[in-house]
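Report on the structure given below.
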Amino acid sequence: MELWRNLRSDMPTLLSVNLNKIALIRNSRGRDYPSVEHFARVALDNGARGVTIHPRPDQRHARNADALALSALVKQYPGAELNIEGYPSREFLDVVLQSRPAQCTLVPDEPGQITSDHGWNIRERMDLLKGVVAELQAAGVRVSLFVDPDPEQVALAPQTGADRVELYTEDYALKHSEGKHVSVIDQYVKAAEAAINAGLGLNAGHDLNLLNLADFLAAVRGVEEVSIGHALTVEALEQGYASVVRQYVAICRAAGLAE
Ligand SMILES: CC(=O)[C@@H](O)[C@H](O)COP(=O)(O)O
Ligand SMILES: NCC(=O)COP(=O)(O)O
């Protein structure tokens with residue numbers, strides 16, 4: 001396991017650009033401007049490994065139709081992946097099964113939440129998760145569970161059959177903005193170790209940005225994928241989308257080369 005963990009720790013972290021906020025701006029005028037597909041191409045043309053959307057029940061930003069369109073688009077980029085996030089309602093699952101993304105990240109959001117703000121209570125939802133994971137994997141979709149940085153929850157994830165977990169990083173990001181991330185990073189490290197020791201793949205996301213990503217990846221080794229959208233979109237308002245994507249890709253690459 002030690003050798004495997006060391007091997008994992010040198011894996012390059014891959015960037016998946018979340019397009020929710022492009023979709024939010026698009027929906028504010030009722031036309032296809034800005035185009036979600038255009039910015040997916042900009043992300044992939046500038047080094048992102050994939051794109052992510054989170055179609056919520058109210059379709060406030062990413063829509064079910066985006067899933068189908070992006071599924072076709074990523075096929076034009078060999079090796080690129082679509083990651084669809086969301087609560088496993090029947091409607092959501094049918095969209096995932098229709099669009100067959102490389103990965104589906106299951107998130108325990110209630111319909112009215114302003115954003116994702118917690119991970120799964122895997123013990124409580126074990127039966128639901130087992131069934132959903134099996135259904136998606138039978139369709140060839142890799143499944144990741146959105147989790148708090150809690151080693152005990154992470155250790156339960158393999159019982160669902162899930163392939164990966166995604167560490168919910170809002171608390172880290174908030175503390176990093178206050179210069180206090182050292183106080184919480186250890187719980188992410190322990191949760192990451194629990195994932196790798198359990199044979200799970202490791203993703204991370206939520207509120208990661210150009211200022212906090214490098215410190216996170218330096219401390220939490222073995223992260224295979226970060227999905228980033230909100231801060232990326234805001235940073236792109238000042239610096240340009242292509243430039244910001246290239247900066248994130250450079251940070252991910254540098255982390256993979258770090259000792
Ligand atoms: C699951 C997660 O942390 C984010 O990917 C989420 O998709 C953000 O959703 P909003 O873009 O609606 O805030
Ligand atoms: N899973 C996290 C994600 O896709 C994007 O989160 P954020 O960068 O929009 O906070």
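N203 meets the conditions (1) closer than 19 Å to R49 by Cβ; (2) within 15 Å of ligand 2 (Cβ to nearest atom); (3) surrounded by fewer than 16 Cβ atoms within 10 Å (Cβ to Cβ) in every case but one. The failed one is (3). When the range 246-259 is filtered for residues that are part of a helix (DSSP H, G or I) and not small (G, A, S), the ones remaining, listed by number, are R246, Q247, Y248, V249, I251, C252, R253, L257. Only residues that are touching a strand residue (DSSP E or B) at 6+ places or on another chain (Cβ under 7 Å) and away from ligand 2 (no atom under 16 Å from the Cβ) were counted in the range 34-46, giving 0. When M126 is tested against (1) free of Cβ contacts under 8 Å to residues at least 40 places away in the same chain; (2) more than 19 Å from the chain's Cα centre (by Cα); (3) open to solvent by 30 Å² or more (accessible area, probe 1.4 Å), exactly one condition is not met: (3).
Residue-wise test of (1) free of Cβ contacts under 8 Å to residues at least 24 places away in the same chain; (2) more than 23 Å from D45 (Cβ to Cβ); (3) open to solvent by 40 Å² or more (accessible area, probe 1.4 Å); (4) more than 14 Å from the chain's Cα centre (by Cα).
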residue: Q153; (1), (2), (3), (4): no, yes, no, yes
residue: T160; (1), (2), (3), (4): no, yes, no, yes
residue: V165; (1), (2), (3), (4): no, yes, no, no
residue: D171; (1), (2), (3), (4): yes, yes, yes, yes
residue: H176; (1), (2), (3), (4): no, yes, no, yes
residue: G179; (1), (2), (3), (4): yes, yes, yes, yes
residue: N212; (1), (2), (3), (4): no, yes, no, yes
residue: S227; (1), (2), (3), (4): no, no, no, no
residue: E235; (1), (2), (3), (4): no, no, no, yes
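Out of (1) touching a strand residue (DSSP E or B) at 6+ places or on another chain (Cβ under 9 Å); (2) farther than 19 Å from L200 by Cβ, what's the single condition that is false for T169? Going through the list (1) touching a strand residue (DSSP E or B) at 6+ places or on another chain (Cβ under 9 Å); (2) farther than 19 Å from L200 by Cβ, T169 breaks only (2). Taking every residue in the range 181-199 that is modelled with pLDDT under 95 and pairing it with any residue that is assigned to a helix (DSSP H, G or I), at least 6 positions away or on another chain, the pairs with Cβ-Cβ distances below 8 Å are S183/K175.
Looking at the range 1-120, the helices (runs of 4 or more DSSP H) lying wholly inside it that each contain 3 or more residues that are within 12 Å of ligand 1 (Cβ to nearest atom), under 24 Å from A242 (Cβ atoms) and open to solvent by less than 60 Å² (accessible area, probe 1.4 Å) sit at 20-27. One residue is enough: does the range 119-133 have a residue meeting the conditions within 13 Å of ligand 2 (Cβ to nearest atom) and out of contact with any Gly (no Cβ under 9 Å at 6 or more places or on another chain)? Checking the range 119-133: at least one residue is within 13 Å of ligand 2 (Cβ to nearest atom) and out of contact with any Gly (no Cβ under 9 Å at 6 or more places or on another chain).
The values are calculated or read from the model by the stated rules, or taken from the named source; none is laboratory data. Just so you know, these numbers come straight off a predicted model, no measurement behind them. FYI the Cβ positions are ideal-geometry reconstructions off the backbone, even for glycines, and counts take in every protein chain you see. Surface areas here come from the heavy atoms of the whole protein model, side chains and all, with no ligands, DNA or RNA. Shrake-Rupley method; radii C 1.70, N 1.55, O 1.52, S 1.80 Å.
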